[in-house]
1. Output yes when any residue across the range C:84-91 is of a type in the set (Ser, Thr, Tyr) and at pLDDT 95 or above, and no when none is.
2. Quick check: is even one residue across the range D:234-248 away from chain B (no Cβ under 14 Å) and either touching a helix residue (DSSP H, G or I) at 6+ places or on another chain (Cβ under 9 Å) or over 26 Å from A:LEU261 (Cβ atoms) (or both)?
3. Among (1) over 20 Å from B:LEU60 (Cα atoms); (2) buried (at least 22 other Cβ atoms within 10 Å of the Cβ), which single condition is B:ARG264 missing?
4. Kindly evaluate C:PHE172 against the criterion of being outside any helix (DSSP H, G or I) and not polar (S, T, N, Q).
5. Scan (1) at pLDDT 95 or above; (2) open to solvent by 10 Å² or more (accessible area, probe 1.4 Å); (3) more than 17 Å from D:LYS202 (Cβ to Cβ) for the single condition D:THR321 breaks and write down its number.
6. Kindly indicate which of B:THR168, B:THR198 is among the polar types (S, T, N, Q), open to solvent by 20 Å² or more (accessible area, probe 1.4 Å) and at pLDDT 95 or above.
7. Inspect the range D:138-154 for any residue being open to solvent by less than 10 Å² (accessible area, probe 1.4 Å) and under 17 Å from the mean Cα position of the chain (by Cα) and give the result as yes or no.
8. Which members of the range C:22-68 meet the condition of being over 14 Å from C:ASP157 (Cα atoms), under 16 Å from the mean Cα position of the chain (by Cα) and of a type outside the set (A, V, I, L, M)?
Protein chains: 4
Amino acid sequence: MNAMNEPRNDIAHLGHVELLTPTPDESLWFFRDVLGMHEVARDGQSVFLRAWGEYELYSLKLTESAQPGIGHTAFRANSPRALERLVQSLEADGHGRGWIEGDTGHGKAYQFTDPDGHLLEVYYETEKYRAPEDQRPALKNQPQRTPDRGVGVRRLDHINFLGRAPATNSAFLQARMGAMLTELIVLDDGTEAGAWLTFTNKAYDVVYTLDATGSSGRLHHIAYWVDNREDVLRAADIYLEHSIAIEFAPGKHAIAQGFFLYTREPGGNRIEIATGSYLIFDPDWEPVVWTQADRAKGQAWGQPTIASFHTYGTPMVALSTPDEATDGQPLEPPAGGSREP
Amino acid sequence: MNAMNEPRNDIAHLGHVELLTPTPDESLWFFRDVLGMHEVARDGQSVFLRAWGEYELYSLKLTESAQPGIGHTAFRANSPRALERLVQSLEADGHGRGWIEGDTGHGKAYQFTDPDGHLLEVYYETEKYRAPEDQRPALKNQPQRTPDRGVGVRRLDHINFLGRAPATNSAFLQARMGAMLTELIVLDDGTEAGAWLTFTNKAYDVVYTLDATGSSGRLHHIAYWVDNREDVLRAADIYLEHSIAIEFAPGKHAIAQGFFLYTREPGGNRIEIATGSYLIFDPDWEPVVWTQADRAKGQAWGQPTIASFHTYGTPMVALSTPDEATDGQPLEPPAGGSREP
Amino acid sequence: MNAMNEPRNDIAHLGHVELLTPTPDESLWFFRDVLGMHEVARDGQSVFLRAWGEYELYSLKLTESAQPGIGHTAFRANSPRALERLVQSLEADGHGRGWIEGDTGHGKAYQFTDPDGHLLEVYYETEKYRAPEDQRPALKNQPQRTPDRGVGVRRLDHINFLGRAPATNSAFLQARMGAMLTELIVLDDGTEAGAWLTFTNKAYDVVYTLDATGSSGRLHHIAYWVDNREDVLRAADIYLEHSIAIEFAPGKHAIAQGFFLYTREPGGNRIEIATGSYLIFDPDWEPVVWTQADRAKGQAWGQPTIASFHTYGTPMVALSTPDEATDGQPLEPPAGGSREP
Amino acid sequence: MNAMNEPRNDIAHLGHVELLTPTPDESLWFFRDVLGMHEVARDGQSVFLRAWGEYELYSLKLTESAQPGIGHTAFRANSPRALERLVQSLEADGHGRGWIEGDTGHGKAYQFTDPDGHLLEVYYETEKYRAPEDQRPALKNQPQRTPDRGVGVRRLDHINFLGRAPATNSAFLQARMGAMLTELIVLDDGTEAGAWLTFTNKAYDVVYTLDATGSSGRLHHIAYWVDNREDVLRAADIYLEHSIAIEFAPGKHAIAQGFFLYTREPGGNRIEIATGSYLIFDPDWEPVVWTQADRAKGQAWGQPTIASFHTYGTPMVALSTPDEATDGQPLEPPAGGSREP
């Protein structure tokens, strides 16, 4: 809600993310052969990949880098004027970095950072995907044919940033970008340990959770969507056959009620296969607050949140002072509980 | 898109429908005991019912009437100012009927008709559902507990009106209410035989299809949502056990790709159980056009569209001059092919 | 049940089928690339294929032939002594043809025909599949890794023969092979129009249905199993994307309650993707009798049985005298209702 | 396999179990209202309950008792002669207890114990369920209508006994009852820590696992079957809404590949909702051996086996000397990790 008590609607959706990987070949294998995404372009040290249900050219820019982590995260504006309004809003805030000419698949973009230092950008002009002959779908309301190999992810669903102060970042996305806060975790001492934010009817597009290592600017995970819970279970079997360690087996989150499966791609970045959750149509939605006691109950069906969720992110950091984490779970080394490749 | 090339966003969502039924007790049984909805209020000849995932008090007003059909269809505005803008837009058009004081569960509403004569209304003030003790959900991001009886529909999904000129009605919803046209059927002679329209990220909230009987103001069906295709298949078994005739067995639509199951509630109104479909995030979406040749292929998996889809609606009308219907199917008596109770 | 009122248990299961095809390359593409089966051997004009869940080397021998149809159908005996008993029983009946030396993947086999002339065989010695390195499964209780391409069928499930007299063939399998009759169709005039028979706890392994063309020895279809209904729905999308005509879209049979999807492989043979149905543990099961009136209700959810089901089989035959078919459906040309490639 | 190298086939299937409960009303509520079973009879302190897919009158005898646990476990013989053979075999072994007259729903039965002291019985004469008017199914190949409330379990699937020596009990069931050993756990020191046994084409009907408390005659769990994994996920939500603590959230077992959900009914007995797994048709199946290293990997998707699985059973026992458990998990108090009601 802005000052005029009207929801602002300048961001259309999360567009694409740039993922950094020290093992570009293995990461490419993961997204292309295991998840079933398609390569659409290359540029320098980057490969551009798309999921079959996306109308834009791509949603993933995979860039070779010394460390894993998140490069930039891009949002498409609803119109040229919406883009102008956004830039005005962002420039006024002092987080603006300025315009770039554009990149593969989209036009000029305005870059800025969130308070935690994650690099974000907004753009409007985009290249819509036109399927080549061998990818032409049977149904004309689908941008590309349904894959018959791999997990077959449909679209980029959301990004979960780690950060020092979810509340600060959440306030920034609300005030400057028109995001709506849908769910949040508030600890007993008043700390906001997590914030779920949306620009659409989805329950969330962006999440900020507290980085228990005290670092800034890290990535918790990105999530790709499949349509059915059976697809998530099937993905778990595909991971199993590919000896890809499952960090968190399929289950149902209490917060936002997503049905999940977590692993880490070979470069080290955590990847979720997601479905379920719910849509929000209420324009005056009241954010759902989860307390420390709520979180101690674990996920929806009682599974404890795995300890590495509070500390493992990319780039990885050394843990010096193990401390109490947000869900009442003790800190543990990043790989705790999972079977690393 | 409006003249300024910006999507307008004044309607938040489809709110509720009033369904007319000559057999109120049997219709109530269907929605409550078979679909698993809950009664929340009664007023005069009307019973108000809700699905478990809805944040407002109800989505169905079931009203006793000599004939089945649709009473009114209500949309919630995004804000008080959005409501004002909508009313200005509608008054200017000449389709306005004026304000009503309100009804169970919502405040003042502005009533108007679409060009085909269906009664519509917009409102902003609404009563949010607060679950009584025995309906309190385990998860606080859910308005009501998940039902463990019946089909367990989650929310009202869309309404499909029959009408003489889908194109005219489609244009009205776009121009006056800010709807976005997402898919449409255009016959070889240029007739627009169907239009799918949305106010949200859903692929459609309102559908207009050609009434092959030449009637105006009729209802084709309303649809309630379930989260999984398995839920639709389970619903078919529940119908089977209750001797509720299935008009169109579970399948996948080509248009909008919804996974469907159709029956008629005891009062005669056609009811769909729906899931699947897709979300649209593209603000400059290009409507998908289906030709007569496309439609002749039937539904997504080749099932022919059943003949009664082009002629059966509520209130029922006598068929005098059987004629070619839109999908290349001959007209047939309403009950053709289904097992009536 | 035999004379001593004890179930006989000499057949362990349906082992493999030999399918004849005039288009071997295209048929191989269908089974390997679309269904996700694996080639394990070649011999002369035959290619041997397996599904991932099978403990034997293969379940499908695909043989080039001028006409499509069924070559032979093989059953594995429960033990060497069971094989001896079966041969004694079959020789006594006069349907025996004698022993063959064996074939790829199994030892000596005794060949015989059912009264309708379908070539059958029984064997005991078999080659168990040992997965090569690249097909080694993650879980040691699985013969081969789960495929991540195509439909991913798990195992051969059943065969449906067309024949002049289902009752005669059913009696033969019961008396000579120890089959149990589980369900059957009896028309108003007393004709047995279909018989479902099992050697296992599955509701059926072999089906005989009346050939409305009056032919003998034809194949109605073979069925491959997947574990979930979602897999069947996914298979329908895979067919759609490959432009493989769907003859009968996913639905639920009333008889035996299988969840089905029918197409024809490029050689013309009808192939079902099947799941659901039920297990029978009752040793004194009473066969379920379906009347003509029952069958007129169509499949479980009311879908009419498609007309081509009563007449289309392989090899194909010309229809001269259209006649009343078994489910109250008029005869129609083989391709009626489906979108042929 | 018996001495003559032929599989014996005298047991048709697991028939019913008698469960002891100190809280009969609450336990009845669980099985009837939560799982969706039906009460068919009462006798003294016992209530008899059935699942909708069972051809016999019931599968659960729920008996009031000071302690929870298993009363007796009954198997149906394949024929009167098979029953005679079984009794001869059991009498010869010295574990026989003698005949009882019969019980609600079945005729005379021979009682005996396994080496661990669990009370078992075999019978042949049984009462088949005939549905009353309000439970008559739409499809005649189904004993009872599909329930539209609760979890809707279809049939009793298996029983898992705890015991001091799984190997001894496994050998007994193989030698005396003709069971086939399908999978087993062998620890590094040679101890057989678990044995999966079957009388049917199912991968298992009876399981013995090592009781880490050193007790005899206890129950680990009984399992009821649903047809789809979605049904298991739905069951988890039903448990959640009923505040029934989930001991082990839905997941996939490595051993036998069942898809599971574990809770404890109000009387304290552990109950599984199960689906998945696989069928065995191979008459000379080679048992699958799982090593300690295999088990350390956890369940199929990497979830660690919960600690209470090795120690919690009914009746409950006090833990004195915490010791190493079979899967490399330390012993913990029974309730460890779960949210008790």
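The values are calculated or read from the model by the stated rules, or taken from the named source; none is laboratory data. Everything numeric in this text was worked out from a predicted model, so none of it was measured. As a convention, Cβ positions derive from the backbone with ideal geometry for all residues, glycine included, and neighbour counts pool all protein chains shown. All accessible areas refer to the heavy atoms of the entire protein, side chains included, with ligands and DNA or RNA removed. Shrake-Rupley method; radii C 1.70, N 1.55, O 1.52, S 1.80 Å.
1. no
2. yes
3. Checking B:ARG264 against (1) over 20 Å from B:LEU60 (Cα atoms); (2) buried (at least 22 other Cβ atoms within 10 Å of the Cβ), the one that fails is (1).
4. no
5. Failing condition for D:THR321: (1).
6. Values: B:THR198 fails: open to solvent by 20 Å² or more (accessible area, probe 1.4 Å).
From the options B:THR168, B:THR198, the qualifying one is B:THR168.
7. Checked the range D:138-154: at least one residue is open to solvent by less than 10 Å² (accessible area, probe 1.4 Å) and under 17 Å from the mean Cα position of the chain (by Cα).
8. Residues satisfying the conditions are C:PHE31, C:LYS61, C:PRO68.
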